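One structure is given below, encoded as structure tokens.
We did not get these values from a lab; they are worked out from the coordinates using the rules stated. Everything numeric here is computed off the predicted structure, so don't read it as measured data. Cβ: placed from backbone, ideal geometry, glycine included. Neighbour counts: every protein chain shown.
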Amino acid sequence: MIGNFPLNSNEEIIFSLRSLFESYGYSLYKMSKFEEYDLYSKNKEFLISDGVIAFTDTNGKLMALKPDVTLSIVKNTANSKGMIQKLYYNENVYRVSKSSHNFKEIMQVGLECIGKIDSFSVFEVLTLALKSLSLVSQSYILDVSSLDILKGVLDFLNVPNGFRADIIHYIGEKNQHELARLCSELQIPTERYAVLKELVSINGSPESAFDKMNGILKGVVDENTLSEFENIINALDDRKCVNIDFSVVDDINYYNGIVFKGFVEGVPNSVLSGGRYDSLMKKMKRSEKAIGFAVYLDMLEHLNAKREEYDVDTVIVYDGQTDFDFLQKTADGIRKENNSVLLLNDRPEDIRYKRLIKIINGEVTDIETNA
């Protein structure tokens, strides 16, 4: 609540996230609703949804309603000049919603860390991802993976570049059958394929995952890559809510290093997604490195549907003989208890309420409760 104005669940989350990001020194980044369509047509694989709403501007340029924030930030921010830019945003994006499968205006909140990224930068972003999930729900988990480790295994298997995206895709789908088929077609020796098979089957706590990784990846993946990943995860305070899952992947043409997805109880899909995207920076002719994540507020509709069991706290049903001043004072007294009040001149049929109060001739005659 701000002042005397109640906020809905998503609004409360937005303000909480903004406060969190600002407490870590992130600055609000504002942008236009529109971008040239060409930016998205050249980077379709980076987008969550293929659909882009396009229109022709008055100057003849083909424009698009913004379906993504990261691409706009990378395109429009200046070079960090050897420093780190820490930016956050809450912006409307326009794309096909995972929840409705239709085009929708979606409020998206997230952050981007661009520039001289080091291990601490990655650690801090993961910390903020965990704290962000905790603001959404008390029951949450952050699935974390490393594309650099997966790339090291693919190098060990001598997988040609033209087939790597397919293998990453099958790993993301947890499609062991197609993964085995493709590796067989590529004539990858069985004992080498076993390393990949065991790695992508890892799904558990950091402690158990690192034990397995150390057993199968020694001499396969660069030790510095392994130790950096392990050190970052082990440094997290909220490690009990971290799950190592190598089926968490993203397009290797854009992403590298640590990638992650956040889940909360009651929502079937991820509500948070992020990772390192140095490769995108390079593709867009930027020399810096970058990492970030976004919270998808449209996915929280599932959560809000459970939370919002009632449409209103209290309904007051009044007759035509009751004084306006009495009605107003009665309602205001209830509102001071941080309860919402709906006044109606007849009993509601389709409204869910905790309490119903009847007022006739200036007197309370009946009270019903559903709480």
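Brief remarks on what is shown
- Mean separation of Cα pairs under 8 Å and 6 or more residues apart, divided by the residue count, gives region 312-369 a relative contact order of 49 percent.
- Under the span-like rule (Cα at least 20 Å along the axis, Kyte-Doolittle mean at least -1.0), DSSP H helices of the chain: 9-23, 119-136
- Cα-based radius of gyration for region 78-198, normalised by 2.2 N^0.38 Å, reads 1.42.
- When region 169-253 is described by a simple charge dipole with +1 on each Lys and Arg Cβ and -1 on each Asp and Glu Cβ, the residue from Thr190, Asn243, Ile216 located farthest towards its positive end is Thr190.
- Long-range amide H partners of Ile316 with built H, under 5 Å: Leu342, Leu343, Leu344, Ile357
- The chain: C-alpha gyration tensor shape, a/c 1.5 cut-off, then a/b vs b/c: prolate
- Only beta bridges with both residues in region 312-369 are counted; by DSSP, about 40 percent of them are antiparallel.
- Value of [θ]222 nm, deg cm²/dmol, for the chain, DSSP H segments ≥ 4, -39500 (n - 2.57) each, nearest 500: -11000 deg cm²/dmol
- Once both labels are positioned 7 Å from their Cα atoms along Cα-to-Cβ, the gap between His169 and His101 label points is 2.1 nm.
- Value of Rg/Rh across region 121-273 [Cα atoms, Kirkwood radius]: 0.97
- Peptide packing for 33-46, 287-300 was compared via the average number of neighbouring C-beta atoms within 10 Å per residue; ordered from the highest value, the list is 287-300, 33-46.
- Net lengthening on full extension, Lys283/Asn214 (0.36 nm per residue, minus Cα-Cα): 21.5 nm
- Using the Karplus relation 6.51 cos²θ - 1.76 cosθ + 1.60 with θ = phi - 60°, the per-residue 3J(HN,Hα) values for region 29-37 come to 10, 10, 9, 6, 6, 10, 9, 5, 4 Hz, with x marking Gly and Pro.
- Net length available on complete extension from Gln328 to Ser205 is 38.7 nm, with 0.36 nm assigned per residue and the Cα-Cα distance removed.
- DSSP bridge pairs, the chain: antiparallel proportion in percent, nearest 5: 80
- Placed amide H near Val242: partners under 5 Å, 5+ positions off or other chain: Leu142
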